[in-house]
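Before any comments, here is the structure.
The values are calculated or read from the model by the stated rules, or taken from the named source; none is laboratory data. All figures in this text were calculated on a predicted structure; none of them were measured in a lab. Cβ atoms come from the backbone with ideal geometry, glycine included; neighbour counts cover every protein chain shown. Just so you know, the surface numbers come from the protein's heavy atoms only, side chains and all, with ligands and any DNA or RNA stripped out. Shrake-Rupley method; radii C 1.70, N 1.55, O 1.52, S 1.80 Å.
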Amino acid sequence: FAVMAIVLGETQDVLAIPQESKPGDITVDFHAQRPSVDSNPKAREVPAEWLWILLQHAKRGKLARQFVSYFTGILLYTFVMEDLVNVQNTYMVQSSIAQEVAEHEFPDQSFRMVFEDIANDAEWWDFMEGVLFPVLYQPRYFNSDRRNQTWNQRFENTVAMANSMTMPVRLRQVRVKDDSCSTPAGNSEMNRPCWGEFSFSNQYKGPVVGSAFMTGLHNWRGKEGYSGSSNYGTEAHVVDFPLARSGGRSWQDRLAELKSGLWLNEQTRAIAVEAGFYNANLGINTYVKWQVDISPGGRFKAWSRMMSCRMNPYATDTDTLRFAGEWILAGGLFWAVFATVLEVKNTPFYLLFGSSRFLQVIDLAVLMVFLAMGALWVDFNRVWAPRAAEFQSFSDTVLDLYTPTRRVQIVVQLGSFSLLWVYFRSFRSLTLFSIMNMVSRTLSRAVEELLPFAFVFLMIIVGFALSSTWVFGIQIEQFRTFWRSFATVWQCMMTGGLPLDDMQRFRPIFVMPFLVVWTVLVALVLINVFIAILSDKQARIEQDDEDEMTLLAARTGRSGRVGWLEGTFRGYWAKFRKAGLSADGGDDTEAQSPRAKGSERPVKSRNIFDRQADIDVMRAQKIIAEVDLREIGFVREALLRQRKLRPGDLAPLFRGDLQSAEELAEKVSDLEEVQFLETAGSGDQEAKEQERLKALQETVLTLENQVKRLRKGLHNSGVAKKSTGNQLAMLPNLPGAVEVETRLEQYSPNAAQK
């Protein structure tokens, strides 16, 4: 949850509002992690409302461009990987082979038994003699016609009608030396002979009936959790069974020799059967391995593995389109690596541990994974694709089909992992939309409380996993290891699914306390605490949004309510209109300057987005294009707290460049002087009229005082002596100015003219 909150909240612009700081104090911008000192108090103030509108519009424009480019790349990447993996065709090939072999029921059994049910050596030989080899070496069709007499013997070693073996079948096993266990010999006479876990030092390399010890094989591993050493190395005892078309001893005779000579005995720790198939209908090669891991405790774990690939990956028209897409993705990948490395390089080391900056490091690591995928794919096409004809023809020797199919599988696995991160990181461009932006900011606000919550939650889950492993793991498969217990407990938290029947059968006393504590602690307490944290933060986010809209509406009018899409459309329309006026020779003075034709009176406009063709607005936008849009959170903070901003406070937007900050402050202040306000409603109109009336009253009082001084000056100078009873009196309204001029004419026409 904590990682999710950090990742999803990376693009948010608003952080938790800190406590009010005093002027002159050193303040720390949590998002930028960089100290700043308040600017000169006498410096020109920056209107936070207009600055926030411009910055927010710029960031949404950047997110829109990222949205288009990012999802175009995602769609192209999805097409390339989907065509490369070709899940549907691969599934049809592998499922048909599995149905014929691994899921084939053993003959002459009173109950249903398949390959994965093998529990001892006798059942292993039953599988070999009754299922595997009869299927792989079936000599006749269902109508008794011989397979080697049709289609040039192509279907003589064929599974499910279309998947033909192209190379001999190989049996492979590893053994340990006698007395290789760690049990002391003197404890009991039963302690010798003994056979311990497999290791390279304990591996037996002596003669084995019917086998040859070979080195330089491809590496093979055991089932995790069922073998002491999951890595069996590249050396083993092998037995090869040639194709039926090659002649020689029958498979029945060779199996009988191995069985009678105890080819599988107490020393054996792993045994596998490997085969290679080619489906000409789909052009797919498939490597198949049926393996059994044998633990020192005597447990047999049977499992199978299949890997497929097209050895000639550029043979169809769709492959040509994918090839073009691969080159486009490669170019975009190198550009992204260059840009990310440059950005990380220019970031101070101590800032790399911030949420957004640390995610850049993760992005760089994922890009390295993409480069590794590309390198593996290039190597596959350079080394293995030219040998496609070898793997699509019959061979008398065993070919290494494991390595190329494994190479392609690694590419697919890395691609699937990277795809998860790519889709996950696409959330940052989705914050263009208001609902996703709210989710992002909610998680970012909650991350401080989610971190300790996640730690406590993880400790509780680990505790339940360990407890269930110790109590139920001895007899229940779902709790056999810690990781399986952890997965079972986690699944129970999400969707339920505890094996209650098995738990009650093996540990009935412990089941009820386990369920009660789990239900109360996790289902009723922790999950609700998590929901409460997010709900509280979301409520605060909604309140902040309401406050922001109120302040913007009061101070910027219509401009504060224009969305990004509408603002962008208005901007393009204004530029288009200006271009049209210029082409027609019309008067575009109004579009060029906020003051029409040199007048001091500003030109009326509905909102700032209608004036994006104006010189002042274009200059401001040009400066904003250089702003680090990840650092704009403090502007909204100042807006919500109605805190004054000065040019020095804007330096973090330009990575400390004070000159650019002062230039931006000047342009935004110039824009504020232009009256972009639009009537917001009857209440706003009444308030504006009251302000105008107050201004007029102050003007009247000023004029009255000036007239009184003028009258006194005229009287003292003797130009116009004041007569008794002829007093100048100002009327309490503007028309009184006319009365003043009339009475002045009674004293002296020259004085009235002056």
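I'd like to check something: does region 118-129 contain any residue that is surrounded by 14 or more Cβ atoms within 10 Å (Cβ to Cβ), over 20 Å from residue 252 (Cα atoms), within 43 Å of the chain's Cα centre (by Cα) and of a type outside the set (Lys, Arg)? Yes, region 118-129 contains a residue that is surrounded by 14 or more Cβ atoms within 10 Å (Cβ to Cβ), over 20 Å from residue 252 (Cα atoms), within 43 Å of the chain's Cα centre (by Cα) and of a type outside the set (Lys, Arg). Residue 475 passes every criterion in (1) more than 35 Å from the chain's Cα centre (by Cα); (2) surrounded by fewer than 15 Cβ atoms within 10 Å (Cβ to Cβ); (3) part of a helix (DSSP H, G or I) apart from (3).
If a residue must be within 14 Å of the chain's Cα centre (by Cα) and at pLDDT below 80, how many such residues does region 431-456 contain? Qualifying residue count, region 431-456: 1. Residue 225 meets all of the listed conditions (1) modelled with pLDDT of 95 or more; (2) in a loop (DSSP other than H, G, I, E, B) but one, namely (1). Against the condition closer than 28 Å to residue 449 by Cα and either of a type outside the set (A, V, I, L, M, F, W, C) or part of a helix (DSSP H, G or I) (or both), how does residue 503 come out, does it pass? When the stated conditions are applied, residue 503 does not pass them. Taking region 201-254 as the range and being closer than 28 Å to residue 138 by Cβ and among the charged types (D, E, K, R) as the test, the residues that pass are 240, 245, 249, 253, 254. When residue 325 is tested against (1) open to solvent by 20 Å² or more (accessible area, probe 1.4 Å); (2) assigned to a helix (DSSP H, G or I), exactly one condition is not met: (1). Residue-level analysis places residue 622 among those that are surrounded by fewer than 18 Cβ atoms within 10 Å (Cβ to Cβ), at pLDDT 75 or above and farther than 27 Å from residue 440 by Cβ.
Candidates 570, 643, 636: the one that is crowded, with 19+ Cβ neighbours inside 10 Å and either closer than 23 Å to residue 62 by Cβ or modelled with pLDDT of 80 or more (or both) is 636. Can you spot a residue in region 476-488 that is at pLDDT below 90, among the acidic types (Asp, Glu) and under 28 Å from residue 532 (Cα atoms)? Looking for residues that are at pLDDT below 90, among the acidic types (Asp, Glu) and under 28 Å from residue 532 (Cα atoms), one finds none in region 476-488, hence no. Considering region 378-402 alone, what residues qualify as being in contact (Cβ under 8 Å) with a residue 24 or more places away in the chain and open to solvent by 30 Å² or more (accessible area, probe 1.4 Å)? Scanning region 378-402 gives 379, 381, 387, 392, 393, 394, 396, 397, 398, 399, 400, 402.
Report the residue count in region 105-155 for those that are of a type in the set (A, V, I, L, M) and under 22 Å from residue 298 (Cβ atoms).
6
Quick one: which of 419, 450, 430 is touching a Phe, Trp or Tyr at 6+ places or on another chain (Cβ under 8 Å) and within 30 Å of residue 218 (Cβ to Cβ)? Step by step, each of 419, 450, 430 is checked, and only 419 is touching a Phe, Trp or Tyr at 6+ places or on another chain (Cβ under 8 Å) and within 30 Å of residue 218 (Cβ to Cβ).
Of everything in region 179-211 that is among the charged types (D, E, K, R) and exposed (fewer than 15 other Cβ atoms within 10 Å of the Cβ), the residue that is nearest to residue 222 (Cα to Cα) is 205. Given the structure, is residue 138 farther than 23 Å from residue 239 by Cβ and at pLDDT below 90? Taking the combined requirement at face value, the residue does not satisfy it.
For residue 249, indicate whether it is surrounded by 21 or more Cβ atoms within 10 Å (Cβ to Cβ) and modelled with pLDDT under 95. Against the criterion (surrounded by 21 or more Cβ atoms within 10 Å (Cβ to Cβ) and modelled with pLDDT under 95), residue 249 does not qualify.
Out of the residues in region 512-524 that are of a type in the set (A, V, I, L, M) and open to solvent by less than 60 Å² (accessible area, probe 1.4 Å), state the one that is farthest from residue 452 (Cα to Cα). Outline the logic, then answer.
Here is the first cut: in region 512-524, the residues of a type in the set (A, V, I, L, M) are 512, 515-517, 520-524.
Restricting the remaining residues to those that are open to solvent by less than 60 Å² (accessible area, probe 1.4 Å) gives 515, 522-523.
Working: 515: 25, 522: 16, 523: 18 Å.
Ranking the candidates gives 515 first.
Contact annotation: residue pairs with Cβ atoms under 7 Å, 6 or more positions apart or on different chains, pairing a residue in region 272-291 that is in a loop (DSSP other than H, G, I, E, B) with a partner that is among the polar types (S, T, N, Q), are 282/89; 283/312. For region 286-296, the condition of being open to solvent by less than 10 Å² (accessible area, probe 1.4 Å) and out of contact with any Phe, Trp or Tyr (no Cβ under 9 Å at 6 or more places or on another chain) holds for none of the residues. Taking the conditions exactly as written (open to solvent by less than 50 Å² (accessible area, probe 1.4 Å), among the hydrophobic types (A, V, I, L, M, F, W, C) and under 30 Å from residue 521 (Cβ atoms)), does residue 457 satisfy them or not? So residue 457 passes the test.
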